[in-house]
């Protein structure tokens, strides 16, 4: 049996940052298990720029961002195994994994960091009616084919969903000679970042149809076209609004789902809203000594935030191994109030926080001119004015722990309120 | 005339407003930006829009058949498709290091095309 | 010159071909598609029915009750997964209870063993997720679940191992009667055979009409289904039917042999034999009807939907007989539900028919009923996994991470007799892409392995039919040039 202080599952941006930080925090025995044939995860296929604004104060491409962490990791002599699939993890932190070289491995860990990332929602999950021809791709699969394997996936493409990968792919397909005939978004607002709407759609005159969805896929062998309908405020297609678009490819960018099949095997409690584990201020799940960070925890908009969060997981996993993570039983719960879908972390143990605690959250709709209010027992702890909030972007609130300490708080709520001052 | 735009300099995506302003040294007045780059972007977007171009080039003797590349500076928006034609002509051979210049001064834009990773 | 040509490589054709391969005969199995099990066989409820549904005296009743008990042995021989989970036909009121009693009586007449009429209370004990307004049910423990396409592939493989020739991509467009039997014209070649077995599914009427006057018609009756993620697979433990209607056995909720949950079908008579599209209104109907069985079905765990076409015969019953106008031309037509269950018994009967016509066949002494074992990595113990990877490192490389399917299994599925040549062919045999990501992660890898094993380029690999191309060429070719038209 192999034995490590910390086993990190996943060698994408989350796993890399967590492992590096754990090492910097004084743990030498660390192993990363990565299922792909190289480190870097999904960043390797995200060849566009826009990564690292917060982290490096410059705009890197995905591979460049990954490269910096991979080199740091290798310089620090942190162990990793590629082409390695974890089959099972248990509550007592036994990891079972396989690869072609080492065969079947049983690895005993003192702490585990979950960094498996997420997968894409599919056509099946949406139950889009119609035929089942070839030519229906999730945006990420298309991205891998085009950017890493060098294969084109279609020449006349319709895109469902305005998530960032979909928008990025609209531009990429256009640059590679395909015709992108439109992007439909079921919500009344775009799913991706505003700048991607501008530089990926607007720049190439690709129409964005808000409050529209694909209601039928046609084509016996290969996609021949899609029917697009307008939807009402309940996201139900409105009869009579159907429009047919001839195309050979349908690209889906309709959401990401944290991949927690392994977490379930260790009986880790998940939040139905995020699909990811419930964690405390140290990024520790409901199973002691198992930590989670990155998109396996909740889907992030910027990789920079993944890095920040994962460092915290790495640092705290190291503390856990050294017996310096405390659990005296005093907790403050974070409660999403009006307008907030979820908050990560879910639990704060002040004894483990030095100065500040960062709360990440997403709002449930588009808001203009609102206040984000952090409160407990109707007493306001912090207030932030926001000109614009959108569900596609994560919000971060930093709270000085001195504002929480010594008040006997059992929970804090974050809610939105109209800003009367504007 | 006032013009609305969304800043694409970084993923924050500030909503900018720009209008001509004879009193300003720059000739324009920009509002809504959180940093100085937003102002520069707005003015450039009106006078000479530019974009960072990212793509891939063919690569031989590597574990993948495509190498990701980027321009190190924005190139004029109206030259993007022409730049793609140049990029498509290139085939490199591994090993390549991140930052290696793949095309020097592409189409005289002053921007170099660089490798985005080791391969 | 062949002794026997079997037209159609669905569950019926493959079963008959395999049954015939027990004799010293020169047999060809002709299939229009590029894989076996590509029609109704791959899109149905995947149930081995107990046999109480069909009216006593019909072919359906006869072959169903005879077929059901044959599954254990055949699945053992061919290494096909099969589980007798049992079924419940649930009743919501007195009228339903009467129907259930009728079914029970029919079942007795059809010779179905171990049936029981049970109380609503007992139903809820057995199936805690079902609705509380259920007043009773017919329980039939002999009902089973299976992967029909897996069985058909296994049958085809075993038939080929025993000397049957399989001809894919060969649609039959004409048949001439000749002095020696029949001359069959296909897109790929012309085949002479003394006897013909017509198992052409939805197109069996058209095949019959090539040699005899039309005396039956096959109409497609579409049914639509939901498949839910494995995390919902144990929502019910048995196959749960509602009371049957004129159009069929109604909407069922059942575990699949692969651990998912299947819900469907509706029934809709169509004219077009290729209408395999799903529709929003019909899926909505299935969903609503299934909610009567349980209002708690976790529909948010849907991973895919699909439609299948039943071959509904104008006669109302299975047609299994020699054509009156064409000697040695056997029609096996209109094999709707419970066709899968009936298939082993039908195959046996068809062989007897041919024996009678020919005056017997010579037994092949070296017939091998056992198919080379399948390797199901995910089902092995830790020790077995370790051992297997040591022997062949390809089993250490997981390709499908939803179902934990290894490269070793995929390569095996390609290299076997009747091997996979398409993405869906792999999916039918070893299931990558059947899981919750629906091929998102694994399809590029599967295509890569297919291309390598078949000695072709990745861009030549198709999803399913020959025109279902996935990729249109390489990138970095400029704006218009390389794209497929």
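Label point 7 Å out from residue A:388 along Cα-to-Cβ: which residues of the range A:273-314 have amide N under 18 Å? Residues passing the 18 Å test: A:301-302. Ellipsoid semi-axes for the range A:23-75, based on the Cα gyration tensor and the rule √(5λ), read 22, 16, 7 Å when sorted largest first. A prolate overall shape is assigned to the range A:329-422, the ratio a/c of its alpha-carbon gyration tensor axes (a ≥ b ≥ c) being 1.5 or greater and a/b exceeding b/c. For the protein assembly as shown, the Kirkwood radius over C-alpha pairs fed into Stokes-Einstein at 10 °C and 1.306 mPa s yields D = 51 µm² per second.
Apply 1/(1 + (r/R0)^6) to the Cβ-Cβ distance of residue A:410 and residue B:15, taking R0 = 41 Å, and write down the FRET efficiency to the nearest 0.05. The value I calculate is 0.60.
Give the order of B:35, A:46 when sorted by the count of other beta carbons within 10 angstrom, beginning with the fewest.
B:35, A:46
Mind checking the angle between helix A:303-321 and chain A's longest principal axis? C-alpha axes, 0 to 90 degrees, to the nearest 10. The two axes meet at around 30 degrees.
A convex hull fitted around the alpha carbon atoms of the range C:116-169 yields 138 Å³ per residue.
Per-residue Cβ neighbour counts within 10 Å put C:340, A:39, A:297, A:87 in the sequence A:87, A:39, C:340, A:297, beginning with the fewest. Share of antiparallel DSSP beta bridges in the protein assembly as shown, in percent to the nearest 5? Percent antiparallel among DSSP bridges in the protein assembly as shown is about 70.
Specify, per residue and in Å³, the volume enclosed by the convex hull of the alpha carbon atoms belonging to the range C:1-138.
Numbers: hull volume 20.9 nm³, N = 138.
Here the figure is 152 Å³ per residue.
Using a Förster distance of 35 angstrom, determine the FRET efficiency expected from the C-beta separation of residue C:467 and residue C:183, and round it to 0.05.
Numbers: r = 29 Å, r/R0 = 0.82.
With a Förster radius of 35 Å, E is 0.75.
Projected over all directions and averaged, the alpha-carbon convex hull of the range C:129-214 occupies 10.5 nm².
For every helix of n ≥ 4 consecutive DSSP H residues, a contribution of -39,500 (n - 2.57) applies; sum these over chain C, divide by its total residues, and give [θ] at 222 nm rounded to the nearest 500 deg cm²/dmol.
Computed mean residue ellipticity for chain C: -9000 deg cm²/dmol.
Which percent, to the nearest 5, of DSSP beta bridges fully inside chain A are antiparallel? Within chain A, antiparallel bridges account for around 60 percent of the total. Considering only beta bridges that DSSP places wholly inside the range B:54-115, some 75 percent are antiparallel.
Centroid-to-centroid, using Cα positions, the range C:1-71 and the range B:18-69 are 65 Å apart. For the range A:122-254, the alpha-carbon radius of gyration amounts to 0.96 times the rule-of-thumb value 2.2 N^0.38 Å expected for a compact globular protein. Overall form of the range C:368-485: prolate. Here a/c, set by the Cα gyration tensor axes a ≥ b ≥ c, is 1.5 or more, and a/b is the larger of a/b and b/c.
Computed over chain A, the Cα gyration tensor eigenvalues convert (square root of 5λ each) into semi-axes of 37, 29, 18 Å, ordered from largest to smallest.
Across chain C, Cα-Cα pairs more than 37 Å apart make up 28 percent of the total. Put simply, the convex hull of the Cα atoms in the range C:49-208 casts, on average, a shadow of 12.8 nm².
Across the alpha-carbon set of the range B:54-115, the Rg to Rh ratio works out to 0.96, Rh being the Kirkwood radius. Do you know the relative contact order of the range C:61-192, to the nearest whole percent, from alpha carbon pairs under 8 angstrom that are 6+ apart? It comes to 25 percent, rounded to a whole number.
For the range C:351-426 versus the range A:352-379, the spacing of their alpha-carbon centroids is 56 Å. Extension gain for the segment residue C:83 to residue C:288, taken as residue separation times 0.36 nm less the Cα-Cα distance, is 71.0 nm to one decimal.
With bins 5 Å wide beginning at 0, the percent of Cα pairs of the range A:194-307 falling in each bin runs 2, 9, 13, 13, 12, 12, 12, 12, 8, 4, 1, 0.
Between residue C:453 and residue A:241, the distance separating the two model label sites (each 7 Å from Cα on the Cα→Cβ line) works out to 4.6 nm. Short-range pairs are left out: with C-alpha atoms under 8 Å and at least six residues apart, the relative contact order of the range C:377-460 is 24 percent.
Taking other Cβ atoms within 10 Å as a rough exposure proxy, A:209, A:152 sort from fewest to most as A:209, A:152. Here chain B is treated as an ellipsoid with the same Cα gyration tensor; its semi-axes, largest first and in whole Å, are 36, 14, 11. If you take the square roots of the eigenvalues of the alpha-carbon gyration tensor of the range B:3-47 and sort them as a ≥ b ≥ c, do you get rounded (a/c under 1.5), prolate (a/b over b/c) or oblate? It is prolate, given that a/c is not under 1.5 and a/b is the larger ratio. Structural descriptor for chain C: relative contact order 19 percent, calculated from alpha carbon pairs under 8 angstrom and at least 6 residues apart. From the alpha carbon centroid of the range A:1-55 to that of the range A:156-217 is 31 Å. Between the helical axis of B:36-47 and the longest alpha-carbon principal axis of chain B there is an angle of about 90 degrees.
With one equal scatterer per alpha carbon and no solvent term, the Debye-computed log10 I(q)/I(0) for the range B:27-81 at 0.31 1/Å reads -1.14.
Modelled spin-label separation between residue C:366 and residue A:333, with each label point placed 7 Å from Cα along the Cα-to-Cβ direction: 7.4 nm. Using a simple spin-label model with pseudo-atoms 7 Å out from Cα toward Cβ, residue C:295 and residue A:204 lie 4.8 nm apart.
Throughout, read-outs are computed from the coordinates displayed, never taken from laboratory work. Keep in mind the model is a prediction, meaning the values are calculated, not measured. Glycine gets a Cβ as well: all are built from the backbone with ideal geometry, and neighbour counts include every protein chain shown.
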